[in-house]
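Computed from the coordinates by the stated procedures, all read-outs in this text should not be read as laboratory data. Nothing here was measured: the structure is a model prediction, and the numbers come from that model. Glycine also receives a Cβ, built like all others from the backbone with ideal geometry; neighbour counts cover every protein chain displayed.
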Amino acid sequence: MGDDSTRIDRLQRASLALVIVLAAAGFTVGAVAGADQLAVLTPTPHSVEADPGEEFTVDITMVTDGGYGGEGVDSVDFVAQYHPEYLEITSIEPGPWLQQGEETTVRSDETLAHENGTAVLEQWRDPVAGGATGNERLVTLTVEVAADAPAGETAIDVTETSVGLEQSYPLQVHGQDVSVSIDDGDESLESFEHPDPDELEATEASDTDENGGEPPTDEPDGSPFGPGAFVLIATVFVGLVVVFLSTRGSR
């Protein structure tokens, strides 16, 4: 009877130890993923007042520390979406963001698909040379308000932007919309159904490759398991060893 009680007690302690280890593993992986793997896009100005027919510019700044362990960014597919009956993005000027880090050539490819309310600027480092991280201007948008646009509020959405890493899957992107008040209007204008940016055909727009070369694919070159997954696997392994040793001692 005493042996059974001791065995149960040890099993309970081992189970508690495993729960603690798994909880710690989840916290560790969450901290790893959340601390590094995020890119933040901030427009300046973030709010614009414009009249029909007026033109304005917006700078988009990006800040990121890259992936786990400071892995640098190798490419950015910047996507801006808007309602084509109210606004038109007439140009996207590349900023110096991807020029940060080791010296390399930054190539770009612009697509303006106005009928679909979408403007895309693909930029990539060739060669990657460690990638880029930091806080700098990513692009400058030139925007024109339609001459017959009604009074009201509309927006330019940049959240479809993709930020790629050389060895890992793309970063999470947090983007702030550009709010545009047309003719002092304060009522929200109707929204627009945008197609998938990846499905836009280059022939729809002024598609140019200023520097030549092929853009990188979206598929990562490294393992399908990120560093956080390896941390989790190692931690769970240690937990199982703890349980094994605890139960072995109860025999």
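What's the extension gain from Gln176 to Glu49 if we count 0.36 nm per residue and subtract their Cα-Cα distance? Before the final figure, lay out the partial values.
Working: separation 127, 0.36 × 127 = 45.72 nm, distance 1.68 nm.
Difference between extended and current length: 44.0 nm.
Among Asp77, Asp184, Asp65, which comes first, second and so on when ranked by fewest other beta-carbon atoms within 10 Å? Write down the numbers at each step before the final one.
On the way: Asp77 22, Asp184 10, Asp65 19.
Taking fewest neighbouring Cβ atoms as first place, the list is Asp184, Asp65, Asp77.
Full extension from Thr140 to Phe192: what is 0.36 nm times the residue separation minus their Cα-Cα distance, to one decimal in nm?
Taking 0.36 nm per residue and subtracting the Cα distance, the gain is 16.4 nm.
Please turn the phi angles of region 66-74 into ³J(HN,Hα) values with the Karplus equation 6.51 cos²θ - 1.76 cosθ + 1.60 (θ = phi - 60°), one per residue in order, whole Hz, x for glycine and proline.
x, x, 4, x, x, 4, x, 7, 9
If contacts are Cα pairs under 8 angstrom and at least 6 residues apart, what is the relative contact order of region 38-220 in percent?
Values: 504 pairs, mean separation 59.8, N = 183.
Reported relative contact order: 33 percent.
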